[in-house]
Amino acid sequence: MTFSLTAETLFRIGPLTITNGVFGAFSVTAFITFFAILLRSGMTLVPTRAQVAIEQVILFCEGIFAQAFGSKEAARKFLPLLMTLFIFIVVANQFSLVPLVSQIVLGEKSLIRLPTSDLSQTVMLSLMVVIVSHVIAFRMAPLKHLGSYIRIGAVLKIRSPKDVGTAILELFLGMLDIAGELAKVISLACRLFGNIFAGEVMVAVIIGLSVYTSYIVPIPFMLLSLFSGFVQAFVFMLLATQFIATTYKTYAVRS
């Protein structure tokens, strides 16, 4: 039994490489889109139980966002982005539980791999969150935002030898801030990837031990993996909210 940290290449379209992780992301997106269309077509003026349940989840998340951003208006602006992240990660984490998905192969390669068990895709999700926070800051206060990382103000204020040390310190702190932003990407990506990949490996190892552990024994571990998938999606959403909200509130006050 072998496990690959990287997604396997399925085919290429010109310069584009399509891996089973990418195909898994497309599959998850198609599944969510199809489900959303069905849900939208089934909505009625008198809310059904499903509508009420979904509304309660959205209101709960909106309350969390409002606390983070400091206002309901700001929370509602970012609710579509943050809820989309949450829904995508939740479905992606549980997609392997859909019957026969893990058995679909192309040649000797699995056709669909969980997007969140592919490090490159968790890095892109994390990178998107950090980029969004910087775009917000740049739109609200471009010069102040750039100045918080490229601290040349202290260099321009050098008037005596003692100011040189202050300028060097400010430049060093700016580089530390840049490293901190990279650390955010790595932290978000590796936390999600590590937990989901480890869960997949654990279940696969137990199933592959013998014929006696292929059916009943993995069920508790699959339930644990299911619960962990929801928790990791929620944690990712909370951290993304915190990163974006901190930037938003910082520059909203300054501007």
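The values are calculated or read from the model by the stated rules, or taken from the named source; none is laboratory data. Source: prediction; values computed, not measured. As a convention, Cβ positions derive from the backbone with ideal geometry for all residues, glycine included, and neighbour counts pool all protein chains shown. Surface areas here come from the heavy atoms of the whole protein model, side chains and all, with no ligands, DNA or RNA. Shrake-Rupley method; radii C 1.70, N 1.55, O 1.52, S 1.80 Å.
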- Which residues, taken from region 125-161, are touching a residue at least 24 places away in the same chain (Cβ under 8 Å) and of a type in the set (A, V, I, L, M, F, W, C)? Leu125, Leu127, Val129, Val130, Val132, Ile136, Ala137, Met140, Ala141, Ile150
- Item | Selected residue (criterion: farthest from Leu85 (Cα to Cα)) from residues of region 32-56 that are open to solvent by less than 100 Å² (accessible area, probe 1.4 Å) and at pLDDT 90 or above | Thr33
- Query: Which condition breaks for Phe88 when tested against (1) at pLDDT 90 or above; (2) in a loop (DSSP other than H, G, I, E, B); (3) not hydroxyl-bearing (Ser, Thr, Tyr)?
  - Reply: (2)
- Item | Count of region 16-31 residues which are at pLDDT 85 or above and open to solvent by 90 Å² or more (accessible area, probe 1.4 Å) | 2
- Which of the residues spanning region 111-169 are surrounded by fewer than 18 Cβ atoms within 10 Å (Cβ to Cβ), of a type in the set (S, T, N, Q) and either in a helix (DSSP H, G or I) or in contact with a helix residue (DSSP H, G or I) (Cβ under 9 Å, 6 or more places away or on another chain) (or both)? Ser120, Ser148, Thr166
- Query: Any idea which residue in region 190-211 is modelled with the lowest pLDDT, counting only those that are in a helix (DSSP H, G or I) and among the small types (Gly, Ala, Ser)?
  - Reply: Gly208
- Message: Being open to solvent by 90 Å² or more (accessible area, probe 1.4 Å), without any contact (Cβ under 8 Å) to a residue 40 or more places away in the chain and assigned to a helix (DSSP H, G or I) is the requirement here; does Gln67 meet it?
- Response: yes
- Item | Glu62 being part of a helix (DSSP H, G or I), touching a helix residue (DSSP H, G or I) at 6+ places or on another chain (Cβ under 9 Å), more than 23 Å from Glu181 (Cα to Cα) and of a type in the set (Asp, Glu) | yes
- Task: Within region 176-189, identify whether any single residue is out of contact with any helix residue (DSSP H, G or I) (no Cβ under 7 Å at 6 or more places or on another chain), open to solvent by 80 Å² or more (accessible area, probe 1.4 Å), of a type outside the set (D, E, K, R) and assigned to a loop (DSSP other than H, G, I, E, B), and answer yes or no.
- Result: no
